[in-house]
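Here is the structure we will look at.
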Amino acid sequence: MIRMFSGTSVCRVGLNQKALTKLLSTTIVPEMPPCDHKPGTYEGPDYTKVQAIKKQNIVPCILSYYKKPLLLHEGHMQWLFDHTGKRYLDMFGGIVTVSVGHCHPKVNEAAIEQMNKLWHTTNIYMHPKLHEYAEALTAKLPGDLKVVYFVNSGSEANDLAMLMSRAHTRNFDIISLRNGYHGMNPYIQGATALSTWRYNVPLGHGIHHAMNPDVYQGIWGGSHCRDSPVQSTRKCSCKPDECQACDMYYGQLEEVFKFSLPRGKVAGFFAESIQGVGGTVQFPKGYVKKAFEIVRANGGLCISDEVQTGFGRTGETFWGFESHGVVPDIVTMAKGIGNGFPLAAVVTTPTIAESLGQALHFNTYGGNPIACATGLAVLRVIDEEKTQANSLAVGTHLLKRLAKIRDEFPQFVGDVRGKGLMIGVELVSDAESRTPMQAPHFLEIWEECKDRGVLLGRGGLYGNVLRIKPPMCISKQDADFAADIFRLAIARFAERVARK
Ligand SMILES: Cc1ncc(COP(=O)(O)O)c(C=O)c1O
């Protein structure tokens with residue numbers, strides 16, 4: 001069914017009158033692409049009972065998305081089904097975690113086969129899947145990055161990477177970037193530099209947060225700083241092969257060495273290849289390379305947090321760090337590695353790994369047979385189904401569509417950025433000052449997308465960035481549907497603002 005959408009003039013919000021007249025008379029309610037999967041009947045406790053359990057038996061700090069939280073009970077590739085059987089296009093992939101598709105048949109088969117053979121041994125014994133998987137995973141990494149420690153979550157992986165960098169360098173201080181997210185365990189929480197995700201307790205001593213090289217919201221930035229098909233609309237006076245913003249932000253990092261580090265020495269530097277929770281923030285081209293150089297020159301190790309950007313999500317490369325032209329000393333990975341199975345890993349060089357031998361180190365579930373069988377199947381599917389190439393093609397297409405929506409509604413859509421299927425759309429209340437859109441307005445748009453069948457993530461310090469990081473199996477048709485729904489939600493928001 002196709003319905004016409006009509007509305008009144010929105011010229012009071014400063015939008016192009018001609019474009020709006022055309023938009024409002026021609027916008028149709030987009031139709032959801034077909035799906036041949038039929039979900040089973042929901043047989044769990046009823047919705048109100050689930051809500052009551054949540055209230056009584058689950059810690060209140062666990063937030064639920066949406067005014068009326070979704071009760072999801074089945075997933076199939078890029079689709080999710082709620083308790084009523086309503087279908088949603090999952091554009092957030094369980095927070096960037098469902099990499100190859102919900103309940104991907106080949107991944108399910110591998111996990112079930114392993115489950116029927118052997119669930120658990122711990123890594124004090126050898127078992128084939130652990131070793132097959134270790135070989136296959138490390139083969140995906142460049143240079144000397146050839147030894148792996150399996151753990152269960154991204155926070156554990158980053159905790160371990162911090163310990164490794166201190167044990168190896170015998171330095172203590174760590175640098176991470178403001179607006180970065182590296183996990184919630186108290187040790188690594190110190191490196192997470194988003195105040196919304198930090199508790200008022202002694203957090204990770206010796207951790208310094210350098211100025212975030214954010215070319216949209218930061219002090220410096222312009223229209224060709226980013227490695228993305230879409231640049232920021234900020235004016236730029238740089239020549240094509242120079243980036244003054246990169247130099248200025250790098251200067252701020254140098255200041256951390258100069259002012260904060262004892263004898264200028266550092267144990268490790270953590271950076272996401274593209275910041276995830278912080279709202280898909282990309283750094284100026286060249287920044288990470290220069291940062292790695294100064295860290296190494298001062299005795300430290302460079303740690304790439306690939307928890308969100310790994311496994312082909314950014315399209316052009318398998319790992320996000322490859323786009324920065326660097327080879328890290330330690331790579332941490334989680335989320336997409338297991339397509340939703342609790343699995344994470346730290347990969348490093350044999351020499352750095354040796355340093356952990358100073359004491360015993362153990363993780364009960366690390367390298368669990370079912371986790372390893374699942375991880376191995378995910379790697380095979382990524383190769384067989386050319387998932388990375390799909391991320392690049394569909395992601396680039398979607399980024400360009402979203403950039404057109406930004407140009408249509410510059411008053412509300414401040415920035416579109418990202419690479420492959422790692423996309424952010426920053427909503428603002430004022431284009432010129434880039435003031436973050438207030439939460440109630442953001443929520444109107446976000447909830448409307450959900451009601452019309454598109455699930456989007458939310459991020460950034462002010463919660464004003466739409467995070468678009470779907471399972472990497474989505475098609476261009478799905479991406480167009482998501483973009484159409486977003487455009488409709490923004491147009492209707494613009495209309496409401498104009499009416500006031
Ligand atoms: C970049 C990054 N690092 C680390 C983590 C922590 O991972 P986990 O939630 O599995 O502990 C996250 C989680 O969102 C993340 O996005």
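Annotations
- Candidates in region 240-262 are the residues that are among the aliphatic types (A, V, I, L, M) and farther than 16 Å from F283 by Cα; of these, the one that is farthest from the chain's Cα centre (by Cα) is L261.
- Residues being within 14 Å of the ligand (Cβ to nearest atom) and in a loop (DSSP other than H, G, I, E, B) - total across region 309-327: 6
- Taking residues in region 187-214 that are in contact (Cβ under 8 Å) with a residue 40 or more places away in the chain, and partners anywhere that are surrounded by fewer than 19 Cβ atoms within 10 Å (Cβ to Cβ) and acidic (D, E), the pairs with Cβ atoms closer than 9 Å and at least 6 places apart or on different chains are A210/E255; M211/E255.
- Taking the criterion of being within 12 Å of the ligand (Cβ to nearest atom) and at positive phi, the residues of region 148-205 that qualify are N179, G183.
- Single unsatisfied condition, G357 versus (1) at pLDDT 95 or above; (2) of a type outside the set (F, W, Y); (3) more than 25 Å from G94 (Cα to Cα): (1)
- Residue in region 347-370 that is in contact with a Phe, Trp or Tyr (Cβ under 7 Å, 6 or more places away or on another chain), closer than 21 Å to N171 by Cβ and within 16 Å of the ligand (Cβ to nearest atom) present: no
- So S237, is it small (G, A, S), modelled with pLDDT under 95 and more than 23 Å from the chain's Cα centre (by Cα): yes
- Looking across region 63-89, the residues that are open to solvent by less than 60 Å² (accessible area, probe 1.4 Å) and either in a loop (DSSP other than H, G, I, E, B) or modelled with pLDDT under 95 (or both) come down to S64, Y66, P69, L70, L71, Q78, H83, G85.
- Residue match in region 285-294 (condition: within 14 Å of the ligand (Cβ to nearest atom), within 27 Å of D383 (Cβ to Cβ) and in the same structural domain as G340 (by TED's automatic domain parsing)): no
- As a summary of the residue check, F259 satisfies the conditions (1) more than 16 Å from the ligand (Cβ to nearest atom); (2) under 24 Å from G424 (Cα atoms) except for the one numbered (2).
- For the criterion of being under 27 Å from F92 (Cα atoms), assigned to a loop (DSSP other than H, G, I, E, B), within 16 Å of the ligand (Cβ to nearest atom) and open to solvent by less than 10 Å² (accessible area, probe 1.4 Å), T332 fails.
- Of all residues in region 167-203, those satisfying the criterion of being charged (D, E, K, R) and open to solvent by 30 Å² or more (accessible area, probe 1.4 Å) are R170, R178, R198.
- Test for P60: is it farther than 30 Å from T314 by Cα and surrounded by 18 or more Cβ atoms within 10 Å (Cβ to Cβ): no
The values are calculated or read from the model by the stated rules, or taken from the named source; none is laboratory data. Nothing here was measured: the structure is a model prediction, and the numbers come from that model. Don't worry about glycine lacking a Cβ; one is built from the backbone with ideal geometry, like all the others, and counts go over all protein chains shown. Side chains included, ligands, DNA and RNA excluded: accessible areas come from the protein's heavy atoms. Shrake-Rupley method; radii C 1.70, N 1.55, O 1.52, S 1.80 Å.
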